[in-house]
Amino acid sequence: MKPPQFTEPRRSPRVREAIPIRFAIASEQYLLEHHGITVDRSPHGLRIQAAIQLSRGETAVVFSQGSLRTAVPTRVVWVEGVALGYPGLAGLEFLASLPT
């Protein structure tokens with residue numbers, strides 16, 4: 001009997017990477033800036049840790065701590081809530097290609 005084959009459920013592998021980021025949320029008319037840190041990334045998106053609660057389906061623009069010129073629009077595809085003052089996790093899908 002053959003052992004069961006494992007299939008990767010993701011479109012592409014994730015790379016663990018902790019990079020400080022800033023982001024703005026469309027529902028706040030991009031007026032407030034929030035801070036977070038990446039947990040990992042793939043060519044399709046990011047997993048971030050942030051102290052605010054994001055909502056599934058929300059649109060956010062993510063940019064590096066260094067410059068607004070690297071802004072990338074994203075959509076929140078999943079969330080794990082903020083509890084007891086601990087940062088929550090969110091999965092963000094890129095809506096545009098990453099700058100090269």
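The values are calculated or read from the model by the stated rules, or taken from the named source; none is laboratory data. These numbers were taken from a predicted model, which means no experiment stands behind them. Cβ placement follows ideal geometry from the backbone for every residue including glycine, while neighbour counts extend to all protein chains displayed. In case anyone asks, the SASA skips ligands and DNA or RNA and just uses the protein heavy atoms, side chains included. Shrake-Rupley method; radii C 1.70, N 1.55, O 1.52, S 1.80 Å.
General remarks:
- Residues (in a strand (DSSP E or B) and over 25 Å from Ser12 (Cβ atoms)) located in the stretch 23-61: Ala24, Ile25, His34, His35
- Among (1) surrounded by fewer than 15 Cβ atoms within 10 Å (Cβ to Cβ); (2) modelled with pLDDT of 95 or more, the one test that Arg75 misses: (1)
- Residues located in the stretch 40-57, provided they are open to solvent by less than 30 Å² (accessible area, probe 1.4 Å), closer than 15 Å to Glu93 by Cβ and not polar (S, T, N, Q): Asp40, Gly45, Leu46, Ile48, Leu54
- Restricting the stretch 62-72 to residues that are open to solvent by 50 Å² or more (accessible area, probe 1.4 Å) and either assigned to a helix (DSSP H, G or I) or of a type in the set (S, T, N, Q) (or both) leaves a set whose member that is modelled with the highest pLDDT is Thr70.
- Filtered residues of the stretch 22-58 (kept if hydroxyl-bearing (Ser, Thr, Tyr) and either more than 11 Å from the chain's Cα centre (by Cα) or at pLDDT below 90 (or both)): Ser27, Tyr30, Ser55
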